[in-house]
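Read-outs throughout are calculated quantities, based only on the coordinates presented, and are distinct from any laboratory measurement. Worth saying up front: this structure is predicted, and the values here are computed from it rather than measured. Cβ placement follows ideal geometry from the backbone for every residue including glycine, while neighbour counts extend to all protein chains displayed.
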C-alpha cells in the first residue's frame, strides 16, 4: 500500500498500527477558519469552508474593518449616547438590514459607508452605483479582503481588510450614530484618530482597553476571530 501527501501521517492508523498520542496530529491553529483542503490537523468544531456559514444571509451586519501597515489595526466606533442600543459603547461598524438589501454583504457595505464615509468600499460588489463612481473619482484603493467569517442569530459578521489607511469622506449617519471619540483617545492604547467617531487600535492592544470603557458584547472574541480568519485567508487568492 502506497500512501502519499498528508495521508502519510495517518498511515499507521490505516495499517492498523497504534501510535502514541503524543505524535498524533493536534488541533489546527486556525480552527474553524482553516482553508487548506489538505490540512491534516484536527478541527473539533469543523470549518467554515465545509459549511454554508460563509454564505451571506438576509440579516443585520457587523464589520471588523482592519488595515495592515506592518501592524494589524482595527477600526472601532464610539456609539452616540442617543442610540437606543449600546449607547456610548466602543464597537465595530454595522447596523440593521434594510428591506431592500438583498443580503448582509450589501448591508455591510452600506453601513460602513453611512457611518464612516469610507470610499474604499465603493469597489466592492454590491456597492451602489453612486458610491462606485465616488470611489473611482477619488482614487480610493480597492480593499484586499472582504468576506463573512462568523454569524449570530440575527447578524452576519464580516471582515474588511483595507489596502492602505482608508480614504474617508463624509458619512451620512456619522454625526447622528457616533460620538466624538477624541476625548477618549488618551485612554485607548496605541489609538490613532480616523474619521469622526472612529479610531484605529492595534489588534493586540484591544485587551488593554480600561474596564471603565464600555464595550459591545463579544468585541474581543470577534476581533480575534477576524484576525484568525485573515491569517487563514492568506493561503487563498484575494477576493
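Annotations for the structure displayed:
- In angstrom, the C-alpha Rg and Dmax of the range 60-233 are 14.8, 43.
- Taking 0.36 nm per residue of separation and subtracting the Cα-Cα distance, full extension of the segment from residue 187 to residue 82 would add 35.6 nm.
- Each part reduced to its alpha carbon centroid, the range 174-212 and the range 105-149 end up 22 Å apart.
- Neighbour-count order for 211, 174, fewest beta carbons within 10 angstrom listed first: 211, 174
- Extension gain, residue 180 to residue 43: 0.36 nm times the residue separation minus the Cα-Cα distance gives 45.1 nm.
- For the range 40-93: span of alpha carbons on each principal axis (Å, largest first): 49, 35, 19
- Sorted by Cβ neighbour density within 10 Å, fewest at the top, the residues 98, 156: 98, 156
- Efficiency of FRET from Cβ geometry, residue 96 and residue 130, R₀ 25 Å, rounded to 0.05: 0.75
- Footprinting exposure proxy for 83, 216 (fewest neighbouring C-beta atoms within 10 Å first): 83, 216
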